[in-house]
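Any read-out appearing in this document is the output of simple, stated calculations on the displayed coordinates, not a laboratory observation. All figures in this text were calculated on a predicted structure; none of them were measured in a lab. In this analysis, Cβ positions are derived from the backbone assuming ideal geometry, glycine residues included, and neighbour counts consider all displayed protein chains.
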Amino acid sequence: MDCAKGINFLLTNGGRMQDYWGVGRATKSMLPMIAVPTTAGTGSESQSFALISDAETHAKMACGDKKAACRVALLDPRLTATQPRSVTAFTGIDALAHALETYVTKRRNPISQVFSREAWRLLAGNLEQVLETPEDLESRGAMQLGACYAGLAIENSMLGATHALANPLTAGYGLVHGEAIGIMLPHVIRYNGEQFGDLYLELVRSTSGLPGYPDAADGVEGLARFVAGLVEKCGITAAISERGVPIDQIPRLAKDAAGQWTATFNPRSVAERELAELYRLAY
């Protein structure tokens, strides 16, 4: 879907993809598009951004323009049923991170939080089920709708430090995006939770008492452990040291993470020092 958006930028407005890195760079109308997602992850079907990797630097370019948003999104869980388990896992963790990050970002608002909350309910309660029973279309449908709602939340509130930390790992060491997200997310929850724990607990309370969800009584640490448990069930290695990242490269990774757009929306301020510490916690 992001590739289709990128093609639409170039077909209708010309130039190079780098020309649209940022917001509102398209000066001409774009063709209407219909999105038919086959995974439950990015929520790109409900966003006006295309994330395109630069072929030379591998940097993720966020190219956003309201004209790039799809006119229609068709969600059919049957189209997700044949995904490899790893794709179900990695995209599912990414979608869950979208729900959690959008609920607490600096740009959060009542509209984004409605979508974040419903995405959390759908995703947190069904990810393990689709991993264990991939043919369960009801759970597949919940995951797909949850990913779409999380995409709508992103459109209204952006993302945070988890994505800022994940992108350099993908660009520099080949980690799949969802893997990198899964490794970093529990550490970011704990970090943000020191100052914004009440926000996380608001989200947890919306499903507290339901089977398969964390209990608000366990606090932010309980949420972090719950997410870490899902990450483990997704088969994601919990340490970047096991993915070929040398410890002496953490300062460079932290510098790259600090330059990511999403870092500026994290509720608790992050700079190179804090980002380097989060990488060390994940080491």
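Tabulated data
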{"quantity": "Base-10 log of normalised Debye intensity for the range 1-85 (one unit scatterer per alpha-carbon) at q = 0.17 Å⁻¹", "calculated": "-0.69"}
{"quantity": "Cut-off under 5 Å, modelled amide H: who pairs with Val23 long-range", "calculated": "Gly64"}
{"quantity": "Two-decimal log10 I(q)/I(0) for the range 77-281, as the Debye equation yields it once each C-alpha is a single scatterer, q = 0.10, 0.11, 0.19 Å⁻¹", "calculated": "-0.38, -0.46, -1.39"}
{"quantity": "Loop-resident sites, the range 42-132, for GluC sites (Glu not before Pro), counting at most 12 other Cβ within 10 Å (DSSP)", "calculated": "Glu56"}
{"quantity": "Net charge, Gly172 excluded, C-beta distance under 11 Å - Lys, Arg +1, Asp, Glu -1", "calculated": "+1"}
{"quantity": "Mean ellipticity per residue at 222 nm, deg cm²/dmol - from DSSP H runs of n ≥ 4 across the chain, formula -39500 (n - 2.57)", "calculated": "-17500 deg cm²/dmol"}
{"quantity": "Residue-wise HN-Hα coupling along the range 162-177, computed from phi with Karplus coefficients 6.51, -1.76, 1.60 (Hz; x: Gly, Pro)", "calculated": "4, 6, 4, 6, 6, 4, x, 5, 5, 5, x, 10, x, 5, 4, 3"}
{"quantity": "Antiparallel content of DSSP bridges confined to the chain, in %, to 5", "calculated": "55"}
{"quantity": "Residues Val104, Val87, Val114, Val72 arranged by fewest to most Cβ contacts within 10 Å", "calculated": "Val72, Val114, Val87, Val104"}
{"quantity": "Listed residue (Asn8, Val130, Pro246) projecting farthest to the positive dipole end of the chain, Cβ model", "calculated": "Asn8"}
{"quantity": "Loop trypsin sites (Lys or Arg not before Pro), the range 1-65, which have at most 13 other Cβ atoms in a 10 Å radius of their Cβ (DSSP)", "calculated": "Arg16, Lys28"}
{"quantity": "Distant-in-sequence amide H partners of Ser53 (H built 1.01 Å from N, under 5 Å)", "calculated": "Met61"}
{"quantity": "Check: the range 77-281 dipole with +1 on Lys, Arg Cβ and -1 on Asp, Glu Cβ, in debye", "calculated": "380"}
{"quantity": "Test item: Cα-centred dipole of the range 1-160, Lys/Arg +1 and Asp/Glu -1 on Cβ, debye", "calculated": "660"}
{"quantity": "Proximal lysines relative to Lys28, as straight alpha-carbon distance under 26 Å, when same-chain residues fewer than 8 apart are discounted", "calculated": "Lys5, Lys60, Lys66, Lys67"}
{"quantity": "Under the Karplus curve 6.51 cos²θ - 1.76 cosθ + 1.60, θ = phi - 60°, whole-Hz ³J(HN,Hα) for the range 202-217, x wherever Gly or Pro sits", "calculated": "4, 5, 4, 5, 5, 10, 4, x, 7, x, x, 10, x, 9, 4, 5"}
{"quantity": "The range 2-73, dipole about Cα centre (Lys/Arg Cβ +1, Asp/Glu Cβ -1), debye to the nearest 20", "calculated": "260"}
